[in-house]
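The values are calculated or read from the model by the stated rules, or taken from the named source; none is laboratory data. All values derive from a computational prediction rather than experimental measurement. Cβ placement follows ideal geometry from the backbone for every residue including glycine, while neighbour counts extend to all protein chains displayed. For accessibility, only protein heavy atoms count, side chains too; no ligands or nucleic acids. Shrake-Rupley method; radii C 1.70, N 1.55, O 1.52, S 1.80 Å.
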Amino acid sequence: MESITLSSENFYWNCLKNLSRKAKLGLIARLSNSLVEEEKMQGCDVHWADEFCGIWGNDSRSTEDILSEIRSVRSDNNPIITF
């Protein structure tokens, strides 16, 4: 994330300083929540799906074979809608 310079902080303060108390408190809450969400995301591995990459690399079946198998084991009686 890009760091904010002192002049940027002053710019934002000049824009916000005349807001009502309620509006300022609302902004404080939103900013605080964004920091909490940011901290939560730091603990997440954003590349979690990479561990599945190539997992079916040794599967010699074609896409149509896989789809046929899936369709044959379906337990739902609804017809498959093709697009």
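Quick rundown of the values:
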quantity: Area accessible to solvent at Thr82, 1.4 Å probe radius, in Å²; calculated: 110 Å²
quantity: Lys24 accessible area, 1.4 Å probe, all protein chains in place, Å² to nearest 10; calculated: 70 Å²
quantity: Whole-number accessible area per residue in Å² for the chain, which is evaluated in the context of all protein chains at 1.4 Å; calculated: 100 Å²
quantity: Nearest-ten-degree value, helix 63-72 long axis tilted from longest Cα axis of the chain; calculated: 80 degrees
quantity: Backbone HN-Hα couplings from phi across the range 6-20 [Karplus 6.51/-1.76/1.60, Hz, Gly and Pro as x]; calculated: 4, 5, 5, 4, 5, 4, 5, 4, 4, 6, 9, 5, 8, 5, 5
quantity: Helix-derived mean residue ellipticity, 222 nm - over the chain, DSSP H n ≥ 4, -39500 (n - 2.57), to 500; calculated: -17000 deg cm²/dmol
quantity: With every protein chain in place, the chain: carbon and sulfur % of accessible area (1.4 Å); calculated: 58 percent
quantity: Estimated FRET transfer efficiency when R0 is 35 angstrom, pair Leu35-Ser75 (beta carbons, to 0.05); calculated: 0.15
quantity: Structure-derived mean projected area of the Cα convex hull in nm² - corresponding label in (1) 12.8; (2) 12.5; (3) 4.6; calculated: (2)
